[in-house]
Amino acid sequence: MPERILEVASLTKHFGGLRAVHLDLTVDAGELRCLIGPNGAGKSTFFRMLSGAMRPGSGTVRFRGRDITGWDAFRVARLGMSIKFQVASVLEELSVRDNLHLAAEFRFGNRAGQRRAAAMLEVIGLTERADHPATWLSHGEKQWLEIGMASVGEPALILLDEPTAGMTAEEMKKTVRLLKRLNEAATVIVVEHDMNFIRMIAGRVTVMHQGEVFAEGSMEEIERNDGVRDIYLGKGSHYVVRR
Amino acid sequence: MRRPLNRREFLRTAAAVGGAAAAPALLKLRPAWAQGKKVPVGSLLDKTGGINIYGLPAIAGTEFAVAEINAKGGLLGKQLELIQYDTQSDIANFPKFAKKLILEDQVAVIHGGITSASRESFRPVIDEYKQLYFYNIIYEGGVCDKYVFVTGETPTQQMGPIAKYALKKYGTKAYTVAADYNFGHISWKWWDIFWRNGGGLEPVAGKKGQHVGKVEFIPLDVTDFNATINRIQEAKPDVLMSFLVGGAHINFYRQFAAAGLKNKIPIVSTTFGFGNEHIVLDAKEVEGLVACYPYFDELDNAQNRTFKAGMKKKMGDPNYYIGDAGAESYNGWHFWAKGVQKAGSFEREAVTKALESGIEWDSPMGRVKMDPASHHTVFTMHLAAVNNKRGWNVIESFPNIPPTETMQLCDLIKNPNQHTQFQPK
Amino acid sequence: MRRVWSSTETLAALLLLLPLLAVPWAFKPYAANVLAVYMIYGILALSLTLIWGYAGIMSFGQTAFFGIGAYAYGAIGLNWINRTQQTHAALVGGLVAAALLAAVVGYFMFYGRISDVYASIITLALTLVLFAFAVSTGGDEWVIGVARFGGFNGMFGQGESSQNIANFQIPPVTVWLPGMAEPFQFKINRESAAGYFLVLGASVLVYVVVRWLLRVRLGRVAIGIRENEARVASLGYDTRFYKFALFTIAGAIAGLAGILFAAWGRFVNPDRFGLGFASSTVVYVLLGGRTSLLGGFVGAAIIGYLTSYLAEIVPFATIPGDATPWMRFLMEAGRRIVREAPLLVQGAVLVGIVLALEDGVTPPLSRLLTRYRRWAWWVLLPVVVLYFAHRVACLQADWCLF
Amino acid sequence: MSVDTAAIVVLEIVNSITILVLLALGLALIFGMMRIVNLAQGEFFTAGAFTVLSAVRFGHLPLWAGMLLAPVVVAGIGIVIERLIIRRLYGRPLDVMLATWGVSILLIGLITVIFGAVTQGIPFALGNFQVGRYSYPEYRIVMTTVAAGLMLGVSLLFRYTAFGRRARATIANPEMASAAGINTPRMFMLTFGLGAGLAGAAGAIMAPIVGVVPTMGALYIARAFITVVVGGPVVLVGTLSSASALGFIEALISRFSLFQIETAGHCAPPPCAINIGGSAFFGQIALLIFAILLLRLLPQGISGFWRQRR
């Protein structure tokens, strides 16, 4: 039986009177899990609570066997969880290389961090732009850079919030390859809207709705689930071919 | 490979670098007044900011005095070139502009400084460059400095007459409000001595005051005196002594009157009036307040009539009130001019020697005399009360009052290398 | 390898340093005095640039650490100078005091999770509290050893002899190491420019150290925090610690500026904690450019020069007696406007730069220098060198061409 | 303590609270509703005082007329500044602070150009009344009444007028309010004007008892900010509760000496001791320390704390 890397029990968050998240979820080590759901389902809020960017209302999060509920972001990261935020948040004024170096440095130190950053530049295909400020990058390149930053520190669990938003079909394929490569070393949870992408990465899928887990299974199972169709505003095929 | 520097070598190198930077005489400049037709002279006064209530009259007196000297043909055949910097009521400006006057403009003399804090801030500069300096305003006494001459009045000259008058007229219990800086603190120490001793430095027989136990020091920017006024009422003094200073403190008198205390507790002061507070405030707020200065516009003598007419013409205002600050600046410049004329030179040593020979002259405030040993001035003092016509009524005059407290401590003829300020122990 | 030092920077360093090194021989001593103050304010501004421009922490009250450094130097120096003839302990003490205050405030702000805007208000409140404290210490009871706080007067020493009490001033920086025949003393006058070179050396040192700091992890993380704090935290960096550390270092640098200021005038008073000085510091940085380490120096020099120039010239310009009332009114209005110009300029710089999102003056200047690099090497640099050589020759040996 | 001393202490506390309310009300309104820190508020206060001064001295109006005029004039100045500067900076809190600081410095400069840097006074003719041994100026009671009136007026304005409803909607959710047809830029402009006007009124009322000088705003701005920050997000309740708490502490410590610390200075008469308490300075220090403690315990301010509890 594989190790359970993440166990989330009755994790809740209220905004005003509104319950944004109420969630139980477990993820095994080595999984590539997809998290889908309509806008406002609480996916990003959930990620933010996992990574320590937001303090949960109640419930517990166990990561690699330790209770990390309410920890600060940097401690969670040091335990081996990294995140790519929904809005690409690379460090705009720093060079691409410095972005990656900074992400690698705190685990491997200065010298080794520089080598790892160079290696990661190859992986995400940005070697030629290494010394440009990150702000010059295209939208897709920023996404890759951020994926690179999330994975260069060799975390055990990588959270990716909409890694393909705004990408062309070609870029998306490249991203899929990248993701699969990352998954060889780490557990990955991806939040996505694009069903083509979800199909391509072919992992286990969890559907969130109104802050709760609505369904869970393989992509085929989920696509057959009528309830899931209904929560996407009842438009049967809307989510299958987006855009 | 280069051999690393060991500790001793490092220290020696450091010493050499330090020495190199310190050693060479950078410039050999001849004083400007020895070269040109004009003699630069400097003045540092607050034309703007909270202290300018004293700065503006002092500037008027300065400009008038220099213009008068120049109109009479200047000094030793040379015209004076007055260089003034506005110190903006910011103390940091005094050392800065003092350095500028000395190092850049190379003036023959510096006059100015208003608050004791500003004077003490640049007196080190004066001493470092051995610059002749005149301080022309009432202060707390005790400056004993070979390079400094004082033409303002000191505690004995003001507090002696005030204490005698107040003890006789009002009673023995005093309360003091003072500006919270060296002027206020040292003034209060002297006042305590004068009050206990019945108006003198040493105990005298007759009516004496109680120990001036109650004093309140008020920072210069305080404008709300509600709590202070209530504490004064609690203490029920026979008389209130004010060492308040500057624009913000003027409000004290107004609030004191508003609390209905003006006719209950009489006020005496060594500072009220020389910034022309009696013009700013309403007569009904301060009428009857007693102060003691060597100069009031109301003094009647020939020099003062000429002086007043000239100042009113210069200011373009027939109702211009000169006040003590203006007259003392005027006096300071004339003292210096008399020193220069007697010495026949602008050099500091020569002028100092001339002034130490005991110069006296008939100024608008009457006969004034420079005390050689202490570099302070002997005045005829006038005790006066504010009247209801924005002016003063002289109550009593005290001729030839010396600055005894400073004279007792300071002898610059015997100990010429003194550059300090004494205060009562 | 990344290029650490470009030829433009060498050029800029030469263009700045050569004249600065020549100043004590090329001008009357007042110029060295004034430049020393500008450099001292520049060091203070540099400390603000470090935390504001590079870490995004706005400190309205950086002057608090400047003032504390100056007061601590004064208090320790006054007590030690007569015993040991040097001020080593005062130098260290001033730095430690400033760093300690910054550490305490930084700990409270960053570990107390106080938001950025509140943090700015807290630093402002800090400097105003210290102002209120410093002006209220005029009484005899406020002493440390022989050092009187002096309230509004500023700090001075007080000694007692058999008959009376006498005052003395804060000592200049005095370094007396074993092996030195006489002590090194901070002085800027006709005989010596030691103080000027000390300030110049300190400026260069601080500049180099800060440049280095920004290259190592601390600096890169700081820039990351400015760009996106949450992102940096999610990479595993305890951003609170980095902000705290940087704030402390900046406090120490401001403290160093304060020490030099106290040594320069042998004087420190509560105005160093005041609102006016606090706002000037922000204006130096904004005008010079908040992302340029030289910006603070440039801003301080521009504002400083403007302020003294206006204070010297204008308030005493006389209005001719035969002017018509209208002319009189206009001249008086002009005079008053120019008299208040330091304030008006400061306000306008703040509003204008914030509204127009400008970088300040230093970055455009450095872009110009980069573009016309060749021209600057062959024309500008020789002109500057020749000008200063002529000034030195003229002043020292009367070889004046014009 | 005798009865009349107790009464005068109570009056001092009320006076202290009054001044804090007057200083903080407009600032709290702007901060609470627009989430911007207006560092020029102190100069709005100054502008109010100078309006009264000009009205009395140059316009030869009676004092009360000048005082009615001041908030109107200052609100106008506030609206102009909002339109010219602040409007461009919404959503950039730090830049708003910098820009308003610039405005504050500019206003000090402009007022000095026009009126000069001299402290000027406005004489007034109210008398005083007797509390046992003490006489106390009636004007301070008038000030308290006016402060209470301003609080009440603002409260009524927000509760019962269309402007108030729109303003409250705008604070709660600007986007929603905008979607519901409320002209939110105009609401922000009016709110800023109102906040400025309140500062002008405060300056006008306090002008007769304090000196009128261009830099007078700076003396008060720190205390006003502390009151607002301690008060928290609910404008009226926050201002009143924090002004009461802070004013109480300030007045009490200003009056009573707590203890002494002996030092080694040259005091006459000896011994040297620092009196902790019993002066305006320690009143202000106590106010600050108390404010910091409160903030450490209630990071959202007093009113934020109560709102959370609800």
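The values are calculated or read from the model by the stated rules, or taken from the named source; none is laboratory data. Small disclaimer: the values here were computed from a predicted structure and weren't measured. Here the Cβ positions follow ideal geometry from the backbone for every residue, glycine too, while neighbour counts run over all protein chains shown. Ligands, DNA and RNA are excluded from the accessible area calculation, which covers all protein heavy atoms including side chains. Shrake-Rupley method; radii C 1.70, N 1.55, O 1.52, S 1.80 Å.
Taking the DSSP bridge list for chain A and keeping only pairs wholly inside it, about 55 percent are antiparallel.
Spin-label model, B:LYS169/B:ASN70: points 7 Å from Cα along the beta carbon direction are separated by 4.3 nm. So, R0 is 35 Å and r is the distance between the beta-carbons of D:ARG133 and C:VAL104; what FRET efficiency does that work out to, to 0.05? Computed FRET efficiency for D:ARG133 and C:VAL104 comes out at 0.15. Could you estimate the translational diffusion coefficient of the protein assembly as shown from the Stokes-Einstein equation, with Rh from the Kirkwood formula over C-alpha pairs, at 4 °C and 1.567 mPa s, in whole µm²/s? The Stokes-Einstein estimate is 37 µm²/s. Listed by chain and number, the aspartates and glutamates whose C-alpha is less than 12 Å from the C-alpha of A:LYS84, apart from same-chain residues fewer than 8 away, are A:GLU146, A:ASP161, A:GLU162.
Taking chymotrypsin sites (Phe, Trp or Tyr not before Pro) across segment D:1-82, the ones in a DSSP loop with at most 10 further Cβ atoms lying within 10 angstrom of their Cβ are D:PHE58.
Past 20 Å, Cα to Cα: identify those pairs from B:LYS100/B:LYS342; B:LYS146/B:LYS342; B:LYS99/B:LYS342; B:LYS47/B:LYS389; B:LYS47/B:LYS314, in the order given. Beyond 20 Å between Cα atoms: B:LYS100/B:LYS342; B:LYS99/B:LYS342; B:LYS47/B:LYS389. Between the listed residues B:LEU244, C:THR10, C:SER203, the Cα displaced farthest toward the positive end of the dipole of the protein assembly as shown, a dipole computed from Cβ unit charges relative to the Cα centre, is found at C:THR10. Close amide H contacts of A:VAL190 (hydrogens built in the peptide plane, cut-off under 5 Å, sequence separation of 5 or more or a different chain): A:ARG33, A:CYS34, A:LEU35, A:LEU160. Counting, for every residue in C:209-217, the Cβ atoms of other protein chains within 10 Å of its Cβ and taking the mean gives 1.
Between D:LEU126 and D:ASN275, what is the label-to-label distance in nm when each label sits 7 Å out along the Cα-to-Cβ direction? Placing both labels 7 Å along Cα→Cβ, they lie 2.9 nm apart.
Charge tally around B:TYR320: other residues with Cβ under 11 Å, Lys/Arg +1 each, Asp/Glu -1 each, net +2.
Here the simple spin-label model places points 7 Å from the Cα toward Cβ, and for A:ALA165 and C:LEU14 these points are separated by 5.1 nm. Could you work out the helix-only [θ] at 222 nm for chain C, with each DSSP H run of four or more residues adding -39,500 (n - 2.57) and the total divided by the number of residues, to the nearest 500 deg cm²/dmol? Calculated mean residue ellipticity at 222 nm is -22000 deg cm²/dmol. Couplings 3J(HN,Hα) of segment A:109-120, computed from phi: x, 5, 5, 4, x, 5, 5, 4, 4, 5, 5, 5 Hz, in residue order, whole Hz [Karplus 6.51 cos²θ - 1.76 cosθ + 1.60, θ = phi - 60°; x for Gly and Pro].
The separation of segment B:39-101 from segment D:1-59, counted between C-alpha centres, amounts to 40 Å. Taking the Cα centre of segment C:30-270 as origin and assigning +1 to Lys and Arg Cβ atoms and -1 to Asp and Glu Cβ atoms, the resulting dipole is close to 640 debye.
At the residue level, B:HIS376 shows approximately 0 square angstrom of accessible surface with a 1.4 angstrom probe and all protein chains present.
Charge dipole of the protein assembly as shown (Cα centre as origin; +1 on each Lys and Arg Cβ, -1 on each Asp and Glu Cβ, all else neutral): 1680 debye, rounded to the nearest 20. Legend: P(r) of segment D:3-309 from all alpha carbon pair distances, 20 Å bins from 0, whole percents, reading 31, 56, 12, 1.
Put B:LYS262, B:LYS389 in order of accessible area, highest first, and with a 1.4 Å probe you get B:LYS389, B:LYS262.
Here chain C is treated as a Stokes sphere of Kirkwood radius computed over C-alpha pairs; at 20 °C and 1.002 mPa s its diffusion coefficient rounds to 93 µm²/s.
Which residues among segment D:123-142 fall inside the zone where the amide N is under 15 Å from a point 7 Å beyond the Cα of D:ALA6, along Cα→Cβ? Within reach of a label on D:ALA6: D:132-133. Just want the answer: with Cβ charges of +1 for Lys and Arg and -1 for Asp and Glu, which residue in C:VAL338, D:ILE261, C:VAL379 is farthest toward the dipole's positive end in the protein assembly as shown? Value: C:VAL379. For B:HIS111, the amide hydrogen comes within under 5 Å of the amide hydrogens of B:GLY42, B:SER43, B:LEU44, B:PHE134, counting only partners 5 or more places away or on other chains and with H modelled in the peptide plane. What the phi angles of segment D:280-291 give under the Karplus curve with 6.51, -1.76 and 1.60, with θ = phi - 60°, is a coupling list of 4, 4, 5, x, 5, 4, 4, 4, 5, 4, 4, 4 Hz, glycine and proline written as x.
Just B:ARG123, B:ARG390, B:ARG231 to compare: in a GNM of chain B, with alpha carbon springs under 10 Å, which one fluctuates most? Maximum fluctuation in the GNM of chain B, among the listed residues, is at B:ARG231.
Distance between the C-alpha centres of segment C:209-249 and segment A:66-94: 15 Å, rounded to the whole angstrom. Spatial offset of segment B:235-307 relative to segment A:166-220 amounts to 86 Å, using the alpha carbon center of each. Here B:LYS313 is the anchor, and the lysines within straight C-alpha reach of less than 18 Å, apart from those fewer than 8 places off in the same chain, are B:LYS72. Across the options A:SER89, A:VAL27, A:GLY109, the greatest Cα extent toward the positive end of the charge dipole of segment A:1-142 (unit charges at beta carbon of Lys, Arg, Asp, Glu) belongs to A:VAL27. When we measure straight from the Cα of B:LYS414, which aspartates and glutamates land under 19 angstrom away, once same-chain ones fewer than 8 places off are left out? Those aspartates and glutamates meeting the cut-off are B:ASP127, B:ASP145, B:GLU349, B:GLU356, B:ASP371, B:GLU405. Does segment D:187-243 come out rounded, prolate or oblate by the C-alpha gyration tensor, with a ≥ b ≥ c the root eigenvalues, rounded set by a/c under 1.5 and, if not, prolate when a/b is larger than b/c and oblate if not? Taking the square roots of the gyration eigenvalues as a ≥ b ≥ c, segment D:187-243 is oblate.
Note on chain D: GNM, Cα springs under 10 Å; of D:ILE77, D:ILE276, D:ILE19, the largest mean-square fluctuation is that of D:ILE276. If R0 is taken as 30 Å, the Cβ-Cβ distance between C:ALA181 and C:ALA89 corresponds to a FRET efficiency of 0.85. Across chain C, the relative contact order, built from alpha-carbon pairs under 8 Å that are at least six residues apart, equals 27 percent. What you get for chain D, charging only the Cβ of Lys and Arg (+1) and of Asp and Glu (-1), is a dipole of about 1000 debye around the Cα centre. Shown is the FRET efficiency for D:VAL237 and A:GLU216, computed with R0 = 56 Å from the Cβ-Cβ distance and rounded to the nearest 0.05: 0.70.
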